[in-house]
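The values are calculated or read from the model by the stated rules, or taken from the named source; none is laboratory data. The model shown is predicted, which means the values in this text are computed figures rather than measured ones. Here the Cβ positions follow ideal geometry from the backbone for every residue, glycine too, while neighbour counts run over all protein chains shown.
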Ligand SMILES: Cc1ncc(COP(=O)(O)O)c(C=O)c1O
């Protein structure tokens, strides 16, 4: 990185992407489900540990497939956090179902599993576990609630490639898992995603939905004599060009995550003394291997201070951003969803969270520059504000 500008994110290219794309062109298959799609799917099945992976053109598409596979419709409810990206909710609203927003835990920022158990009603059909920043939700407890109530469990693992919970890759624990390869993620193909089908009973229908509602896959395998329209579906598969790009990235996925962990630990190290003074909070989960280090965030004391810090960093050539604007009080959230009780942690976190630059090309010297700029900012804050929270 140059000394001038530290962007919030920069798409990382490992180097073999164009070579793979050229090979796809020479293979003569540019539409979906060609050799590179197969290779990516096999990689995901092998390295994550799932019986079936289908590449999609986005995690949004994978979530939409999951919503179809859950067979939800009008009158059904789906439990999920409000502190998430819109696609988590949209996928189910598109089927006519109602998202039920549940509060998050203040340590992992993931859905509060205790509240999930109490949010289940006779209308509940599914639970969506969003692994925020690649940190695992409490999957044992969520699995238990799903089993006790005959619910489908979907993991929104958009941010969680190669993160694990008790030796299992995130996305492979629930019935279905959804990954993102959007350019903001650790492993990318511009736009891209995958659906992991962990419940084998859903595989056949998933292949049909993936191929526009046709039995094309089983026809190509010689299992049926006719290729025809058999169910609802859409064009959920990516082109071979995206798959060729993605395959180059997947081969380096562990190296990418490992470098990001180095950056993450550097942030923790340099910001630790300031956090101890109560100037802001660091992520509560600080173990030596912080999942896949997808996001690094701090929790500011209040939204005004966060706004001033963003401006200060921008003045120093550093981009930092906040999210999520909670879904439950967004215009669409008010129209299409309901909440389970109040969501105080969601509101508090969304007012406090600031994401610092985190991208694979970043160097530890960049992390140092960001932390130095943050330290300079807090020197300018009035001491009466420095009491900590
Ligand atoms: C939690 C979560 N779910 C779903 C998505 C949607 O992913 P995509 O952009 O691949 O559709 C995102 C994207 O950032 C996300 O963070």
(Q) What are the pairs with Cβ atoms under 8 angstrom where one residue, in the range 49-61, is under 11 Å from residue 206 (Cα atoms) and the other, located anywhere, is part of a strand (DSSP E or B) and more than 15 Å from the ligand (Cβ to nearest atom)? Sequence gap at least six, or different chains. (A) 52/197; 53/197; 54/197
(Q) Here are the criteria: (1) in contact with a strand residue (DSSP E or B) (Cβ under 8 Å, 6 or more places away or on another chain); (2) at pLDDT 95 or above. Tell me which single one residue 253 does not satisfy. (A) (1)
Q. Hey, among 272, 278, which residue is modelled with pLDDT of 95 or more, closer than 14 Å to residue 374 by Cα and either under 19 Å from the mean Cα position of the chain (by Cα) or not in a helix (DSSP H, G or I) (or both)?
A. 278
Q: Please tell me if residue 48 is more than 16 Å from the ligand (Cβ to nearest atom), outside any helix (DSSP H, G or I) and at pLDDT 95 or above.
A: no
Q) Taking the range 34-54 as the search range and keeping residues that are under 13 Å from residue 253 (Cα atoms) and out of contact with any helix residue (DSSP H, G or I) (no Cβ under 7 Å at 6 or more places or on another chain), which one is surrounded by the most Cβ atoms within 10 Å (Cβ to Cβ)? A) 44
Q: Could you name every one of the helices (runs of 4 or more DSSP H) located completely within the range 140-254 that has at least 3 residues being within 16 Å of the ligand (Cβ to nearest atom)?
A: 240-250
Q.
Can you report the number of residues in the range 108-139 which are away from the ligand (no atom under 16 Å from the Cβ) and not in a helix (DSSP H, G or I)?
A. 8
Q. Can you spot a residue in the range 89-106 that is in a loop (DSSP other than H, G, I, E, B), within 12 Å of the ligand (Cβ to nearest atom), under 25 Å from residue 56 (Cβ atoms) and touching a residue at least 24 places away in the same chain (Cβ under 8 Å)?
A. no
